[in-house]
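The values are calculated or read from the model by the stated rules, or taken from the named source; none is laboratory data. Quick caveat: nothing in here was measured; it's all calculated off a predicted structure. Here Cβ is always computed from backbone atoms with ideal geometry, including for glycine, and neighbour counts include all displayed protein chains. Accessible surface areas use protein heavy atoms only, side chains included; no ligands, DNA or RNA. Shrake-Rupley method; radii C 1.70, N 1.55, O 1.52, S 1.80 Å.
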Amino acid sequence: MWKHRVCYLAVLAGSLWYFITQQHWLSWVILVWVLAVPLLSLLISLPAMLRVRLSFSCPERALQGEAVRPMLKISHRFPLLRCRIQVQHPMTGDSYLYELGEPLQTRHCGIRKLRIWRLWVYDYLGLFRRRIRGLPDCTLAVEPRPIPPAQPPRLRQSLTGRFRPKNGGFSEHHEMRPYQPGDSLRLIHWKLSAKTNSLLLRQPMTAQQEKIALTLVLSGDEATLDRKLGQLLWAGTYLIEQNRPHQIRCLTGQGLLVFPISNAQELTAGIHKIMASPVAAPNTPMPPQNDLSWQHHIGGNCHES
């Protein structure tokens, strides 16, 4: 460390000045001792510096705003150990250096990739150092907290059962329609036709498979991204509680990502993949989703920034 080296150089300069000016046997002893102490410290520290084993770890998941401290385990105790970690945010592309021992910033949600940037172990005087390499990286997922939207969608009313005509066979659901040439005579409702003086058919109906999706554009500042991901978590959890399998369709800087969701584990995994993707360019519109029977867009209209 530079402070230790500056102090040592100051002591060495003072000892040398004392030896030159005094020419006394004591000044010679002091100078030799000052020159020998760093080598002695290195000899004592060198075995531990060469045999040291370290491991770097951090939690896999944390809630937004929760205090997180990555851990560095060391096989030998060193009075002087310095570690700096590079923290990368794939969603926004930001990165910064983090000093080990301080709480990690989790004010905003997203994936954090932690990589050892510099790691040194020093001798007991702090004059000599050895750099440690090869420690594996860590990934931390800072998960959003559920945020209800300002105007909650009417999910229960919108997700009503829909039916489509069934070609032949029996069905518990049916609807009446006028007879058309080519229809089977077995489907004619004779009693009702006699009352109305027109041929009416009992058309079998089958439940239509609903295609439900939550859509969002991954764009905006960090506060906006927190709000969108929080609302996505809230809406996805609600659909799961209503036993409604659905999709998440997210437009990112890498294109449109689609995830099928049927349980809480798939919802969490989908949000993690979104948080590991770069944001889309500002004012990027969401592609039309014409194949959906119901859609809820997170964050406003499909053209929001």
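If you check ALA281, ALA276, which single one turns out to be closer than 18 Å to HIS89 by Cβ and over 16 Å from the mean Cα position of the chain (by Cα)? Spell out how you get there, then give the answer.
Details: ALA276 fails: over 16 Å from the mean Cα position of the chain (by Cα).
The conditions single out ALA281.
Somewhere in segment 162-173, is a residue modelled with pLDDT of 70 or more and in contact with a strand residue (DSSP E or B) (Cβ under 6 Å, 6 or more places away or on another chain)?
Filtering segment 162-173 for residues modelled with pLDDT of 70 or more gives none.
Within segment 162-173, none of the residues are modelled with pLDDT of 70 or more and in contact with a strand residue (DSSP E or B) (Cβ under 6 Å, 6 or more places away or on another chain).
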Hey, among the residues in segment 117-128 that are open to solvent by less than 40 Å² (accessible area, probe 1.4 Å) and not small (Gly, Ala, Ser), which one's farthest from VAL142 (Cα to Cα)? LEU127
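Select from segment 195-224 the residues that are under 20 Å from ALA150 (Cα atoms) and out of contact with any Leu (no Cβ under 7 Å at 6 or more places or on another chain) and list them in ascending order. Before the answer, list the steps.
Step one: list which residues in segment 195-224 are under 20 Å from ALA150 (Cα atoms), which gives 213-224.
Scanning segment 195-224 gives THR215, SER219, GLY220, ASP221, GLU222, ALA223, THR224.
On the basis of being farther than 30 Å from MET275 by Cα and either open to solvent by 50 Å² or more (accessible area, probe 1.4 Å) or in contact (Cβ under 8 Å) with a residue 40 or more places away in the chain (or both), does LEU39 make the cut? Walk me through how you get there before you give the answer.
Working: farther than 30 Å from MET275 by Cα: yes; either open to solvent by 50 Å² or more (accessible area, probe 1.4 Å) or in contact (Cβ under 8 Å) with a residue 40 or more places away in the chain (or both): yes.
Here the answer is yes, as LEU39 does meet what is asked.
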Just one of the numbered conditions (1) farther than 30 Å from ALA276 by Cβ; (2) under 30 Å from the mean Cα position of the chain (by Cα) is not true of ARG69; which one? (1)
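Please indicate, with yes or no, whether at least one residue in segment 15-38 is within 49 Å of the chain's Cα centre (by Cα) and among the small types (Gly, Ala, Ser). Lay out the reasoning, then the answer.
Just the residues of segment 15-38 that are within 49 Å of the chain's Cα centre (by Cα), to begin with: 38.
So of that shortlist, the ones also among the small types (Gly, Ala, Ser) come out as none.
No; the residues of segment 15-38 include none that is within 49 Å of the chain's Cα centre (by Cα) and among the small types (Gly, Ala, Ser).
Within segment 60-71, does at least one residue satisfy the condition of being in contact with a Lys or Arg (Cβ under 8 Å, 6 or more places away or on another chain) and part of a loop (DSSP other than H, G, I, E, B)?
Step one: filter segment 60-71 for residues in contact with a Lys or Arg (Cβ under 8 Å, 6 or more places away or on another chain), giving 63-65.
In the following step, the residues that additionally are part of a loop (DSSP other than H, G, I, E, B) were identified as 64-65.
Yes, there is a match, as at least one residue in segment 60-71 is in contact with a Lys or Arg (Cβ under 8 Å, 6 or more places away or on another chain) and part of a loop (DSSP other than H, G, I, E, B).
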Collect the residues in segment 101-116 that are open to solvent by 80 Å² or more (accessible area, probe 1.4 Å) and either touching a residue at least 40 places away in the same chain (Cβ under 8 Å) or not polar (S, T, N, Q) (or both), keeping them in residue-number order. GLU102, ARG107, LYS113, ARG115
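Here is a yes/no grid of residues against (1) surrounded by 12 or more Cβ atoms within 10 Å (Cβ to Cβ); (2) in contact with a helix residue (DSSP H, G or I) (Cβ under 7 Å, 6 or more places away or on another chain):
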site	(1), (2)
TRP25	no, no
ILE30	yes, yes
TRP33	no, no
ILE44	yes, no
PRO47	no, no
LEU50	no, no
PRO59	yes, no
LEU63	yes, no
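So which residues in segment 1-29 are of a type in the set (A, V, I, L, M) and either under 23 Å from PHE128 (Cα atoms) or touching a residue at least 24 places away in the same chain (Cβ under 8 Å) (or both), if there are any at all? Steps first, please.
Within segment 1-29, the subset of a type in the set (A, V, I, L, M) is 1, 6, 9-13, 16, 20, 26, 29.
Hits for segment 1-29 are MET1, VAL6, LEU9, ALA10, VAL11, LEU12, ALA13, LEU16.
So in segment 91-100, with the set limited to residues that are under 14 Å from the mean Cα position of the chain (by Cα) and not acidic (Asp, Glu), which one is least open to solvent (accessible area, probe 1.4 Å)?
Our first condition is that a residue be under 14 Å from the mean Cα position of the chain (by Cα); within segment 91-100, this holds for 91-94.
Add one more test, that the residue is not acidic (Asp, Glu), and what stays is 91-93.
Details: MET91: 4, THR92: 45, GLY93: 62 Å².
The qualifying residue least open to solvent (accessible area, probe 1.4 Å) is MET91.
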Within segment 278-299, the residues that are in a loop (DSSP other than H, G, I, E, B), under 15 Å from VAL258 (Cβ atoms) and open to solvent by 50 Å² or more (accessible area, probe 1.4 Å) are PRO287, PRO288, ASN290, ASP291
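Does segment 1-23 hold any residues that are surrounded by 14 or more Cβ atoms within 10 Å (Cβ to Cβ) and either at pLDDT below 85 or within 18 Å of LEU125 (Cα to Cα) (or both), and which are they? Don't jump to the end; show me each part of the working.
Filtering segment 1-23 down to residues surrounded by 14 or more Cβ atoms within 10 Å (Cβ to Cβ) leaves 1, 4-5, 7-8, 12, 15-16, 18-19.
Selection gives MET1, HIS4, ARG5, CYS7, TYR8, LEU12, SER15, TYR18, PHE19.
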Considering (1) open to solvent by less than 70 Å² (accessible area, probe 1.4 Å); (2) touching a residue at least 24 places away in the same chain (Cβ under 8 Å), say which one GLN88 fails and leave the rest. (1)
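Taking strands (runs of 3 or more DSSP E) that fall entirely within segment 211-277, which contain at least 3 residues that are loosely packed, with under 15 Cβ neighbours inside 10 Å? Give the steps one after another, and end with the answer.
Values: elements: 212-217, 246-252, 255-261.
By residue number, 255-261.
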